[in-house]
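The values are calculated or read from the model by the stated rules, or taken from the named source; none is laboratory data. What you see is a predicted model; the values in this text were computed from it and never measured. No Cβ is skipped: glycine too gets one built from the backbone with ideal geometry, and neighbour counts run over all protein chains shown.
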Amino acid sequence: MNSQNLLILLSDEHNKRMLGVSGHSHVKTPNLDKLASEGTFFENAYCNSPICVPSRAILATGRYNAEIGYWDNADPYDGKIPSWGHRAVEGNCDAVSIGKLHFLDDQAPTGFSQQINPLNVVGGVGDLLGLIRQELPVRKGAANMAKDVGSGETTYSNYDKQIAQDAKNWILNRKSSDKPWVLFVSFVCPHFPLIAPEEFYNMYPENDVPWPLLYDDNKRSDHPYYLAMRNCMNYDDYFNEEKVRKATAAYFGLCSFLDHNIGTVLSSLEKSDFAGNTNIIYTSDHGDALGMRGMWGKSTMFEESAGIPMILKGPNIPKSKNVKTPVSLVDIFPTVVDSLDLNKKSEDNDLPGSSLLQIASENDNYQRIVLSEYHAAASPVGAFMLRKGKYKYVYFAEGYDPQLFNLEEDPYEEIDLAINDDFKNILESFYSSLLEICNPEEVNKRAKREQNEKILKHGGIEAIKGRGDFGYSPAPGQKAEFD
């Protein structure tokens, strides 16, 4: 193929259902809808770990966490495993990042030829509290989710405006005679705090926003894994009806604010020398429950958390096409190689992903398997999710019961088929498929062992609890506030 530049647009915590092209009843995302109408929309896209730092390490390396071991938000990517940035630079292309990375620090050799205004983990260390998984601590910072919800400006919204402007300037100042490039533009919104700029908050009157699905106590998951998670990250203890409505309006507003900033970047590309030879990907590092099942934030294997939006547009990409083939963030690495027409290496042969350019051009492969796994904050044991066809299978380590859902008949995952003996063969087949990727019990043991080693390195459990919980990583120039 002919080489195409590549623009990767990443958001943080964007629920896959909450954009216009997904058919949401309220959320307005005209720029992303237009991108999808002019390109390909992947209906069944997933992150490979529903939390920021591991998800971004997997995105960079194209490898599952069961292999690379960036387990949690205190395990930032450090460049020791090659990224697609390294590969692009080796191929005489520029790899430039603008915005949130959530890597080790600005000096780590993570593969970019240039980093503009990056955001990385707190103090090069990150969230140590999430390492504690034997007896899950109650997260004191959880109260902050509901504390300030509504309308206004935050350091995150100001940061995202600057990211959009930086990306616009970079594209318009780039010359066609320069090297081929991959530009990674990474926004923070709609990640909490759930405060949206007034113009966007006012698009969604509080009394008109829909109530979170399955919010009532008798609708919430009673699986012991999720009971433990809700007790640890007890966000919902601090919400009442008024705050739920404000939080929902704010999240919707942040989705529209994100869309506005993406529109700024896409408009600059259309005016540039690169409009006709650039592929574009939009996706997110994970989703957000936004109160569904009484949960807030990410970290679960439910669709609202592990599912992500994924859109691809380019000169040779099918237009107005919806693809059912399951895809995930490990597909980004081979897409970079494919788009920039880089030489493949022998180590690429065991990459689990495939080029999205290729997947978009082919007939649906609904039986393709994707994996997501979670070993981070509030999880008593490792969780492993496989999506294949109409089914989603979730394996929990250490004897927790598995789950099985038919997403075609039960899109909100209310009916766990794993308790039905009629599905025993399907469960066994999924478990065999999981074993072909990794041994989940061994991965779970390795994750906990390495996390315990890190706990000791940082002074032990009590010292880490004494350090506290900072809620979310501060924007550049802002200090972390611990609770």
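Let's see how each residue does on (1) crowded, with 18+ Cβ neighbours inside 10 Å; (2) at pLDDT 95 or above:
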{"residue": "PHE384", "(1), (2)": "yes, yes"}
{"residue": "TYR391", "(1), (2)": "yes, yes"}
{"residue": "ALA397", "(1), (2)": "yes, yes"}
{"residue": "GLN403", "(1), (2)": "yes, yes"}
{"residue": "ASP422", "(1), (2)": "no, yes"}
{"residue": "ILE455", "(1), (2)": "yes, yes"}
{"residue": "TYR472", "(1), (2)": "yes, no"}
{"residue": "GLY477", "(1), (2)": "no, no"}
{"residue": "ALA480", "(1), (2)": "no, no"}
_Looking at (1) part of a helix (DSSP H, G or I); (2) at pLDDT 95 or above; (3) more than 18 Å from the chain's Cα centre (by Cα); (4) not hydroxyl-bearing (Ser, Thr, Tyr), which one does ASN349 not meet, given that it meets all the others?_
(2)
*Assess whether VAL188 counts as being hydrophobic (A, V, I, L, M, F, W, C), in a loop (DSSP other than H, G, I, E, B), under 24 Å from the mean Cα position of the chain (by Cα) and surrounded by 17 or more Cβ atoms within 10 Å (Cβ to Cβ).*
yes
*What do you reckon, is LYS175 in contact with a Cys (Cβ under 6 Å, 6 or more places away or on another chain) and in contact (Cβ under 8 Å) with a residue 12 or more places away in the chain?*
no
*Identify, by number, the condition in (1) surrounded by fewer than 22 Cβ atoms within 10 Å (Cβ to Cβ); (2) in a loop (DSSP other than H, G, I, E, B); (3) at positive phi that GLY126 doesn't meet.*
(1)
*Of all residues in segment 256-305, count the ones that are part of a helix (DSSP H, G or I) and hydrophobic (A, V, I, L, M, F, W, C).*
7
_Flag for ALA360 being of a type in the set (A, V, I, L, M), within 25 Å of ALA66 (Cα to Cα), surrounded by 18 or more Cβ atoms within 10 Å (Cβ to Cβ) and touching a residue at least 12 places away in the same chain (Cβ under 8 Å)_ = no
*asked:* Take the residues in segment 22-73 that are over 18 Å from ASP285 (Cβ atoms) and of a type in the set (Lys, Arg); name whichever of them is surrounded by the most Cβ atoms within 10 Å (Cβ to Cβ).
replied: LYS28
*Might you let me know whether segment 91-114 holds any residue that is assigned to a helix (DSSP H, G or I), out of contact with any strand residue (DSSP E or B) (no Cβ under 7 Å at 6 or more places or on another chain) and either touching a residue at least 24 places away in the same chain (Cβ under 8 Å) or farther than 26 Å from GLY307 by Cβ (or both)?*
no
*All but one of (1) more than 30 Å from LYS454 (Cα to Cα); (2) in contact with a Phe, Trp or Tyr (Cβ under 9 Å, 6 or more places away or on another chain); (3) in contact (Cβ under 8 Å) with a residue 24 or more places away in the chain hold for PHE42; which doesn't?*
(2)
*For residues in segment 306-344 being over 13 Å from the mean Cα position of the chain (by Cα) and assigned to a helix (DSSP H, G or I), which is farthest from ARG87 (Cα to Cα)?*
ASP331
*Looking only at residues in segment 30-53 that are part of a helix (DSSP H, G or I) and in contact with a strand residue (DSSP E or B) (Cβ under 8 Å, 6 or more places away or on another chain), which one is farthest from VAL394 (Cα to Cα)?*
LEU35
*Out of the residues in segment 424-443 that are assigned to a helix (DSSP H, G or I) and free of Cβ contacts under 8 Å to residues at least 24 places away in the same chain, which is farthest from ASP350 (Cα to Cα)?*
LYS424
*Given the residues TYR412, TYR395, which is the only one that is under 22 Å from the mean Cα position of the chain (by Cα), hydroxyl-bearing (Ser, Thr, Tyr) and not in a loop (DSSP other than H, G, I, E, B)?*
TYR395
